[in-house]
Amino acid sequence: QAADSKREQFRRYLEKSGVLDTLTKVLVALYEEPEKPNSALDFLKHHLGASAPENPEIEALRLEVAEMKEKYEAVLEENKKLKTKVKFY
């Protein structure tokens, strides 16, 4: 009886905190996937991580990556121009 009571309390806790709803949504998304992923666990981790609150450090890293991509493209373009100049000498 005590174990059933603890289970029921835990179930209500999960329900109240939104865990059951979130897990259900992710499992339904996996069920509805036309091509099942090789790793169901990775699918769950990815989708659960996507619904987690955004970490400010992650956002800062995303911005840094975007800046680095822009710089990389600029360097590639400059390299291309310099190679063209070298060909003419």
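Structure notes:
Table: residues versus (1) surrounded by 10 or more Cβ atoms within 10 Å (Cβ to Cβ); (2) in contact with a helix residue (DSSP H, G or I) (Cβ under 9 Å, 6 or more places away or on another chain); (3) touching a residue at least 12 places away in the same chain (Cβ under 8 Å).
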site: Lys16; (1), (2), (3): no, no, no
site: Lys36; (1), (2), (3): yes, yes, no
site: Lys45; (1), (2), (3): yes, no, no
site: Lys69; (1), (2), (3): yes, no, no
site: Lys87; (1), (2), (3): no, no, no
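- Count of segment 47-63 residues which are in a helix (DSSP H, G or I) and either aromatic (Phe, Trp, Tyr) or open to solvent by less than 70 Å² (accessible area, probe 1.4 Å) (or both): 4
The values are calculated or read from the model by the stated rules, or taken from the named source; none is laboratory data. Note that the structure is a prediction, hence the values are computed from the model and not measured. Cβ coordinates were reconstructed from backbone atoms using ideal geometry, including for glycine residues, and neighbour counts include every protein chain displayed. Side chains are part of the model used for accessible areas, which takes the heavy atoms of the whole protein and leaves out ligands, DNA and RNA. Shrake-Rupley method; radii C 1.70, N 1.55, O 1.52, S 1.80 Å.
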